[in-house]
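I have placed the structure first, in the form of structure tokens, so that the comments after it can refer back to it.
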Amino acid sequence: MGEHTLVTVDWPQSTATLLGPNSLANSIGDIHRKRRKVFAKVFSHEALESYLPKIQQVIQESLRVWSSNPEPINVYRESQRLSFTMAVRVLLGFRVSEEEMRHLFATFQDFVDNLFSLPIDLPFSGYRKGIRARDTLQKSIEKAIREKPLCSQGKDYSDALDVLMESAKENGTELTMQELKESTIELIFAAFATTASASTSLIMQLLRHPAVLERLREELRARGLLHNGCLMPGELRLDTIVSLKYLDCVIKEVLRLFTPVSGAYRTAMQTFELDGVQIPKGWSVMYSIRDTHDTSAVFKDVDAFDPDRFSQERGEDKEGRFHYLPFGGGVRSCLGKQLATLFLRILAIELASTSRFELATRQFPRVVTVPVVHPVDGLKVKFYGLDSNQNEIMAKSEELLGATV
Ligand code: HEM
């Protein structure tokens with residue numbers, strides 16, 4: 001609360017420079033308001049509906065690859081790859097080869113690794129590496145934008161970049177190539193680590209709580225979405241997904257207990273008082289999402305994973321606006337909230353309907369919170385596909401091996 005009047009956004013210099021002057025992160029006041037308005041359309045109901053089939057496809061492809069790997073996979077690393085692929089293919093509609101995707105992903109990781117570095121531009125410094133990675137990304141993005149088919153007309157959007165360009169026009173501006181490149185990198189950055197963290201936590205909680213997974217399957221079965229372990233093609237519509245109540249509770253509970261973004265920094269623009277404490281002008285303030293979730297009195301048995309706390313009967317999150325905020329709050333709250341929850345819901349549906357998976361280590365790993373919540377060993381899990389009779393699908397590599405022997 002009080003953004004633009006009491007407090008203002010405050011990113012370290014390296015992050016501000018690497019994200020660029022046209023990013024939302026670096027915008028304040030009216031410019032921020034106008035930019036958010038342009039971005040809002042990218043995440044409208046209509047736009048989400050048009051991304052849905054592509055999101056499902058990207059998730060299904062990843063689960064197939066995970067299931068066909070004879071070895072356990074590192075869920076956190078693969079979830080990062082998955083969320084990056086989602087951002088590049090679904091949000092930006094780039095048609096890049098596997099090879100280019102690998103290169104883009106490695107460069108992007110370099111960029112993210114150095115976003116929070118000392119702003120000293122010397123050879124071999126983290127900051128210089130970050131600048132180099134940003135320049136390489138911007139070049140690839142410019143090439144992809146120029147090669148992209150022209151924006152589809154009307155409401156049938158093919159990707160978020162189309163919507164962004166159209167929305168800018170509707171708001172009386174044309175985005176320059178530089179603005180497009182910076183917006184693109186900012187969107188991937190905002191989606192990447194957060195969604196990967198939440199996907200990993202979701203998979204870990206489904207492994208820890210088989211009864212929750214079974215109830216998800218029951219809900220899908222009851223809605224006619226699951227027949228003998230197979231998701232009926234074409235059944236997955238946005239309204240249907242959003243109406244799955246238990247699924248919604250599971251996603252909410254994952255984001256409460258394993259909140260990907262710990263909080264954010266602001267600078268006090270004037271001296272003000274909060275709960276009897278004086279905050280002097282110029283001080284840095286952090287609002288902590290994690291501590292809020294951990295200490296809020298509205299959550300009963302706060303450490304327990306209990307999706308039903310969000311059920312209609314209990315509705316623990318309904319007891320006030322400031323207890324549950326995985327996506328922040330106020331004018332800088334998460335713009336991609338609906339997209340992120342849609343992605344997580346589809347992932348849970350696909351996991352429940354097409355995969356069997358088990359922990360590949362003796363114990364569940366410890367979870368650390370920096371830079372985002374993730375398991376120390378990445379979470380090693382063996383995935384098996386399911387055929388329509390809920391039987392395991394043979395590992396692809398075994399099939400291939402059998403075929404060649
Ligand atoms: C589970 C996944 C996600 C979580 C937990 C999350 C969380 C957050 C939080 C807490 C903020 C506010 C930070 C602040 O107060 O300064 C934020 C901002 C933002 N998020 Fe997300 N986010 C997620 C996914 C996404 C996705 C998928 C996108 C878009 C593709 C996205 C786009 C943004 C943008 C653009 C902002 C900046 C808004 C502004 O400055 O006005 N986020 N997110």
Quiz prompt | region 186-203: number of residues that are closer than 19 Å to residue 141 by Cβ and touching a Gly at 6+ places or on another chain (Cβ under 9 Å) | solution = 4
Practice problem: Those residues that are in contact (Cβ under 8 Å) with a residue 40 or more places away in the chain and among the aliphatic types (A, V, I, L, M), I need them from region 243-294; list them, please. | Solution: 244, 247, 250, 251, 254, 255, 257, 261, 264, 268, 269, 285
Quiz item: Based on what the data block shows, is residue 92 in contact (Cβ under 8 Å) with a residue 24 or more places away in the chain, within 16 Å of the ligand (Cβ to nearest atom) and closer than 30 Å to residue 203 by Cα?
Solution: yes
Quiz item: What's the number of the condition residue 304 fails, among (1) within 16 Å of the ligand (Cβ to nearest atom); (2) open to solvent by less than 40 Å² (accessible area, probe 1.4 Å)?
Solution: (1)
Self-check item: Leading residue by the ranking (surrounded by the most Cβ atoms within 10 Å (Cβ to Cβ)) among those in region 89-136 that are part of a loop (DSSP other than H, G, I, E, B) and of a type in the set (Ser, Thr, Tyr)
Solution: 117
Quiz item: Within region 15-40, how many residues turn out to be assigned to a helix (DSSP H, G or I), closer than 15 Å to residue 189 by Cβ and in contact (Cβ under 8 Å) with a residue 24 or more places away in the chain?
Solution: 5
Quiz item: Residues of region 261-293 being touching an Asp or Glu at 6+ places or on another chain (Cβ under 8 Å), surrounded by 12 or more Cβ atoms within 10 Å (Cβ to Cβ) and not hydrophobic (A, V, I, L, M, F, W, C), which ones?
Solution: 263, 265, 266, 267
Exercise. Look through 367, 331, 381 and report the one residue that is modelled with pLDDT of 95 or more, touching a His at 6+ places or on another chain (Cβ under 8 Å) and either over 23 Å from residue 290 (Cβ atoms) or within 16 Å of the ligand (Cβ to nearest atom) (or both).
Key: 367
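Select, from 324, 265, the only residue that is near the ligand (Cβ under 10 Å from one of its atoms) and within 27 Å of residue 186 (Cβ to Cβ).
265
The values are calculated or read from the model by the stated rules, or taken from the named source; none is laboratory data. Model, not experiment: these values are computed from the prediction. For neighbour counting, all protein chains shown are included, and Cβ atoms are generated from backbone atoms with ideal geometry for every residue, glycine included. With ligands, DNA and RNA removed, areas are computed over all heavy atoms of the protein, side chains included. Shrake-Rupley method; radii C 1.70, N 1.55, O 1.52, S 1.80 Å.
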